[in-house]
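Below is one structure, written out as structure tokens; the observations come after it.
The values are calculated or read from the model by the stated rules, or taken from the named source; none is laboratory data. Everything numeric here is computed off the predicted structure, so don't read it as measured data. Glycine also receives a Cβ, built like all others from the backbone with ideal geometry; neighbour counts cover every protein chain displayed. Accessible surface areas use protein heavy atoms only, side chains included; no ligands, DNA or RNA. Shrake-Rupley method; radii C 1.70, N 1.55, O 1.52, S 1.80 Å.
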Amino acid sequence: MPRTAVATDAAGLGRARAGGFVAPALVLVGLFLVFPALWTIYLGLTDYRLTGLAAAAPKMVGLQNFRDALADRFFLNSLWLTLIYVAGSAIIGQTVLGFALAWMMQKVRPSVRGVVETVVLLAWLLPGSVVSFLWWAMLNRRDGTLNALLDTPGYNWLIQHPMLSIIVFNTWRGTAFSMMLFSAALQAVPPSQLESARMAGANGAQQFRDVVFPHIRGHVLTNTLLISLWTFNDFSPYLLTAGGPNHKSEILPAFIYNRAIGTGELGYGAAISLIMLVINLIIALLYLTLLRTRKVKT
Amino acid sequence: MRRYARSTAILAAGTALALTLAGCGSDSGSGGGTSAGADTSAAAATSHTAAADGTTSSGDTSEAAPGTSTAGGSESSAGTSAPSGGTVTLTISTNGISGGKNAQEADWITNWVIPEFTKAEAAKGVTVQVSYQSSGVDDEKYKAKLALDLKAGSGPDVFSIDGIWVGEFAQAGYIKPLEDVVGADYQSWDGLKQINEAVQGNATFDGKLYGLPTGTDGRVLYYNKKLFQQAGLPADWHPASWDDIFAAADKLKSIDGVTPLQMNAGTAMGEATTMQGILPLLAGTGAQIYTDGKWLGNTQQLRDVLSFYDKAYNTDQVGDPDLQLDAKGRDESFAEFAAGKIGILAESDYFWRSVVNPKDGVAPMKDRNDTVGYTLIPAQKAGAGIRGQDFVSMSGGAVYTLNPNSKNAKASWDLMTFMLSPEAIEARLGDQAQITSRDDVNKTVLANDPMLTFVATKVLPLTAYRPGLAEYPEVSMLLQQATADVVSGTSVDDAAASYQEALEKLVGADKVTSG
């Protein structure tokens, strides 16, 4: 009976065998992605807690957690901060800086390029706990490196500018990805086209707009999607500020952690997680739509 | 046909692999697998986050050593360890680590309790193997880790918790009354008679004893005598009202580079804000956080307490607001006091024993005995405190308790009582003093230290305890938030109103006082 199925696909596997090959992946996806997501939905509908009576016997509370969230000044604050964080550190910071680095590295000697790329990559490769400690040491108000450099002893960067601190931190940390993606993309721009543009008298900005950008537009989109998604879910600022001072840098992942584990409100934390999941899906859908319209055009 | 069989085998192997992985996953105790759950280990394993940690009496605070805690129970084992070949395996867990937080207790467990207990059991013909899970993190993180472990049915056999967590842990079923875990036998332990009722209250919930308290503490105002002299204040200082505190603080302000007053505020310090700041102040207005079945809401007393903070951090500017908001603010305040940069600081005797202790404190002061003064916390004005007192304080304490899932309940009980035997406590203290839970031990050890004698004789008679209710920790967080709001510039009325609103949502409007 497998024989009849063989003809339907190029690899000659047949439905059953092909199914066998993807089954492990599907099982993993189901167990670690779909099930937790469904479980989060369920938890979000309960008053489940880490300790106390509701830990032993959680009750269904319907949409109460979601109604609470919309009226919760700390949640709305957190949502707003997350938007600033994504816009500031991912969309503006990493994309612009990453592109600028990639653009400049095209024209330098390979040795310089190697050194710069290694340094930038290192920021990306080091574990989050390590880099956040380094940054904490740098921004520390007592004996902090930055205060020593700027001669501003006692200035508390993490208290005075918590959002700016974590935005700069994440830009520094994540630029490597954009840089690599853009340098690969820039190499794909045919030199002949740039040459012709130059012959036709196009200046730098014009070359960029009319020759380079059309080639890398897809990469810009992919890059923006990926980094905004993972910046949106990024927990490492917690290691720097713990969401403080007084919730001023409490982006959503930190907010969920503080509420679910800190205060023990697991049900409420799950509800917020679900809201995050939905926002993630919206970002992804938006991107896919953009990508499709682009493909249709070309 | 053979090809078909091969693909079936692959499928089977893949499924087996997936199931194995899933098995590991569900073991780890990080439950629902939400994004928050997945982040737990990362967060708990780091140290330089919130510097809070309050009152797990035997000591707390300090540099939490990095990477010492594992969340989600990946390391816990004891609950599931079966006796093999007659060996009984036990695990102890406290929030302490050698060279860091609560180092004394951690070293004592490793170097004294484990070898001595092993020896004592061997003499009885029982082979035991005891291991120690150390942590050196904020109390709130330690609590979350324990709760997750116990929820997953694992966790250490004998562990230390703050007395104030007993209620919520009991309600969740994470700990059970001693009579259920050990059996009625527990009452025959001779140490029980030495622990007086007020102290037993720390480990009691709904009239049942859930563990054994290890000691208690009391809160006072510490001050730097040298700074006081410099500012023209008496070295023997006895403030009788809040105004007296502010008057002294105003004088201290004249010394350059000195923060006159450190009264813990904000959420980053966690329970330390409530225990060292809000509750003693509240007691000084004659109010307690929970009376006659109702929680204190937006009342005159609460607004008076918040006004104290407003005056200290905004109007008079005698405190440093940054310290209250900083993730490591409490540790920094200790360091600043030790460096002679803070004039007055409210803390428990823990500060004397484990922070500025010249020998092994986290912020040692060589001249502690000459420089650091201590005095009772005054009520708002004379006679305005609870029970009409002129002076007030707050007390708490840690509790050793047992894991109801332990395979070796009896051996765990033996270990726990061994840890609270007079010899064990004396070994723990060495030449140091601490108010232990045992009256017989206190008689001998307290004489070693005038400060601890002061706490035992002058502070404990007028102290108050927190309500042993499951809601308390959350109410405490709302209070911390209210002080954080005031310190960052919100008006007292607005902060009190937000507190009232959140409190009503938490416990129900009918259980909140106001006016």
Six or more apart or on different chains, Cβ under 6 Å: which pairs go from a residue in region A:245-261 that's without any contact (Cβ under 8 Å) to a residue 40 or more places away in the chain and at the interface with chain B (Cβ under 7 Å from one of its Cβ atoms) to one that's among the β-branched types (Val, Ile, Thr) and part of a helix (DSSP H, G or I)? Could you list them? A:ILE256/A:ILE272
Residues that are farther than 15 Å from B:GLU179 by Cα and among the aromatic types (Phe, Trp, Tyr), drawn from region B:404-421: B:PHE418
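Can you tell me which residue is nearest to A:ALA55 (Cα to Cα) among those in region B:480-497 that are within 13 Å of chain A (Cβ to nearest Cβ) and in contact with a Leu (Cβ under 9 Å, 6 or more places away or on another chain)? It would help to see each step written out before you state the result.
Of the residues in region B:480-497, the ones within 13 Å of chain A (Cβ to nearest Cβ) are B:480-490, B:494-495, B:497.
Then keep just the ones that are in contact with a Leu (Cβ under 9 Å, 6 or more places away or on another chain); that gives B:482-488, B:495.
Details: B:ALA482: 27, B:THR483: 29, B:ALA484: 28, B:ASP485: 30, B:VAL486: 33, B:VAL487: 34, B:SER488: 34, B:ALA495: 30 Å.
Of everything passing the filter in region B:480-497, B:ALA482 is nearest to A:ALA55 (Cα to Cα).
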Picking from A:ARG67, A:ARG73, A:ARG109, A:ARG141, the residue that is open to solvent by 80 Å² or more (accessible area, probe 1.4 Å), among the charged types (D, E, K, R) and within 11 Å of chain B (Cβ to nearest Cβ) would be A:ARG73
Just to be sure before I move on: is B:ALA338 out of contact with any helix residue (DSSP H, G or I) (no Cβ under 7 Å at 6 or more places or on another chain) and crowded, with 20+ Cβ neighbours inside 10 Å in the structure I sent? yes
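For region A:203-292, list the helices (runs of 4 or more DSSP H) that sit wholly inside it and hold at least 1 residues that are over 15 Å from the mean Cα position of the chain (by Cα) and more than 21 Å from A:GLY174 (Cβ to Cβ); which are they? First the steps, then the outcome.
Details: elements: A:204-207, A:213-232, A:237-241, A:252-257.
The helices (runs of 4 or more DSSP H) meeting that bar are A:204-207, A:213-232.
Here is a list: A:LEU281, A:LEU181. Which entry is modelled with pLDDT of 90 or more, within 14 Å of chain B (Cβ to nearest Cβ) and out of contact with any Cys (no Cβ under 8 Å at 6 or more places or on another chain)? Walk me through how you get there before you give the answer.
Working: A:LEU181 fails: within 14 Å of chain B (Cβ to nearest Cβ).
It is A:LEU281.
Taking region A:27-62, which residues are assigned to a loop (DSSP other than H, G, I, E, B), touching a strand residue (DSSP E or B) at 6+ places or on another chain (Cβ under 9 Å) and of a type in the set (Val, Ile, Thr)? Full working, then the answer.
Looking only at region A:27-62, we keep the residues that are assigned to a loop (DSSP other than H, G, I, E, B), and these are A:45, A:47-52, A:57-59, A:61-62.
Then drop every residue that is not touching a strand residue (DSSP E or B) at 6+ places or on another chain (Cβ under 9 Å), which leaves A:45, A:47, A:58-59, A:61.
Answer for region A:27-62, where residues must be assigned to a loop (DSSP other than H, G, I, E, B), touching a strand residue (DSSP E or B) at 6+ places or on another chain (Cβ under 9 Å) and of a type in the set (Val, Ile, Thr): just A:VAL61.
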Please give the number of the condition A:TRP135 fails out of (1) open to solvent by 30 Å² or more (accessible area, probe 1.4 Å); (2) in a helix (DSSP H, G or I). (1)
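Got a sec? Which helices (runs of 4 or more DSSP H) wholly within region B:178-290 have at least 3 residues that are assigned by TED's automatic domain parsing to the domain that holds B:MET419?
Numbers: elements: B:178-181, B:197-200, B:225-230, B:242-252, B:279-284.
The qualifying helices (runs of 4 or more DSSP H) are B:178-181, B:197-200.
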Considering region B:155-190 alone, what residues qualify as being surrounded by fewer than 24 Cβ atoms within 10 Å (Cβ to Cβ), away from chain A (no Cβ under 12 Å) and in contact with a helix residue (DSSP H, G or I) (Cβ under 6 Å, 6 or more places away or on another chain)? B:VAL181, B:VAL182, B:TYR186, B:TRP189
